[in-house]
1. Is it the case, given these coordinates, that LEU127 is of a type outside the set (Gly, Ala, Ser), part of a helix (DSSP H, G or I) and under 21 Å from ARG34 (Cα atoms)?
2. If you check GLN103 against the conditions, is it at negative phi and in contact with a Leu (Cβ under 6 Å, 6 or more places away or on another chain)?
3. Any idea how many residues of the stretch 149-191 are under 14 Å from GLN139 (Cβ atoms) and in a strand (DSSP E or B)?
4. What is the number of the single condition among (1) of a type in the set (D, E, K, R); (2) assigned to a helix (DSSP H, G or I); (3) at pLDDT 90 or above that ARG34 does not meet?
5. What residue, among those in the stretch 117-131 that are closer than 21 Å to LYS83 by Cβ and of a type in the set (S, T, N, Q), is surrounded by the fewest Cβ atoms within 10 Å (Cβ to Cβ)?
6. Out of the stretch 49-66, which residues are surrounded by 18 or more Cβ atoms within 10 Å (Cβ to Cβ), modelled with pLDDT of 85 or more and more than 15 Å from VAL187 (Cα to Cα)?
7. Just to check your reading of the model, which residue among TYR163, TYR136 is touching a residue at least 60 places away in the same chain (Cβ under 8 Å) and of a type in the set (Phe, Trp, Tyr)?
Amino acid sequence: MKQIFGYYVDKPLNNDQLTVKFSPSSISIKDRWRNNGLSADFMADYLTTFVPKDNDDVGAQRQAEIKSAASYIANELLENSMKYCDSSVRFPITIQLQLDADQIRFFVTNSIKKESVEGFQAFIEQLMISDSNELYFNQLEKNADNPDNTASGLGLLSMINDYSAMLGWKFEVVQEKPEILAVTTMVQVSI
């Protein structure tokens, strides 16, 4: 089984990339959660070393905006992958940053419970056919009505609305016995 949704590109941008792996079952999700921001900031700091910093305010502002966007996106991807991974299997969560002169791509891969796939794919299909701003406000209203809802999709919608991100997903079986399903979320942003 291999299914692709949205804008998903397997081809690397170039050789400049950073990959970080986590073992979600090694410490509790609560403890891991605190490290997501640190890991996201690390990736953003790494990225900005490749962004020319001109000796003017415009260059410094551009670098700060790219760093902020990269940190936000990496953090959201890490939080989602930690929250929705199948913690009953030993499959690492991997986040990769690829960079090019005018765009960056994030890939995060995590295991997923078989019973979660259908609902997630239905959300992705809704995301692909809906107006992202309208869907964002609808999700805000749903969250207000049900504050216990943890699967709002607001992070993904923010990436689209705030950073003009292009998103794609790949679902695949990565191990047959026992079966392990994985989803890779790709986010591409122009810089």
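The values are calculated or read from the model by the stated rules, or taken from the named source; none is laboratory data. No experiment lies behind these values; they were computed from the predicted model shown. When we count neighbours, we look across all protein chains shown, and the Cβ atoms used for this are built from the backbone with ideal geometry, even at glycine.
1. Working: of a type outside the set (Gly, Ala, Ser): yes; part of a helix (DSSP H, G or I): yes; under 21 Å from ARG34 (Cα atoms): no.
It is false that LEU127 is of a type outside the set (Gly, Ala, Ser), part of a helix (DSSP H, G or I) and under 21 Å from ARG34 (Cα atoms).
2. Numbers: at negative phi: yes; in contact with a Leu (Cβ under 6 Å, 6 or more places away or on another chain): no.
No.
3. Residues flagged as under 14 Å from GLN139 (Cβ atoms) and in a strand (DSSP E or B) within the stretch 149-191 amount to 0.
4. (3)
5. GLN126
6. Hit for the stretch 49-66 is GLN63, nothing else.
7. Within the list TYR163, TYR136, the selection yields TYR163.
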